[in-house]
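Scroll down for the structure; my scribbles are underneath it.
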Amino acid sequence: MRESAGRRFLFATLLALAAGALVAFWNPVDHLKADLRADTQGIRVSVELAAHAIETRV
């Protein structure tokens with residue numbers, strides 16, 4: 001039973017979309033919290049780096 005490459009590609013694409021939907025909708029609140037936490041930490045690091053750069057120039 002050999003399937004065509006197009007059929008395998010379609011099956012793989014549908015499986016990947018289903019997996020993505022499962023991850024995205026399993027618990028979206030936790031994902032949102034994690035994204036906000038990561039963004040906040042990134043902003044904090046950026047501000048600290050900018051402050052350090054300003055301090056070293058003066």
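The values are calculated or read from the model by the stated rules, or taken from the named source; none is laboratory data. If you're wondering where the values come from, they're calculated on a predicted model, not measured in any experiment. Keep in mind that these areas ignore ligands, DNA and RNA; they rest on the heavy atoms of the full protein, side chains included. Shrake-Rupley method; radii C 1.70, N 1.55, O 1.52, S 1.80 Å.
Among the protein heavy atoms of the chain, carbon and sulfur supply 68% of the accessible surface, probe 1.4 Å, non-protein parts ignored.
Binning all Cα-Cα separations of the chain at 5 Å, short to long from zero, yields these whole-percent fractions: 4, 15, 10, 11, 10, 9, 9, 9, 8, 6, 4, 3, 1, 1, 0. The residues of the chain have, on average, 97 Å² of accessible surface per residue, using a 1.4 Å probe with all protein chains present. A helix-only calculation puts the chain at -32000 deg cm²/dmol for mean residue ellipticity at 222 nm, using -39500 (n - 2.57) for each DSSP H run of at least four residues, averaged over all residues.
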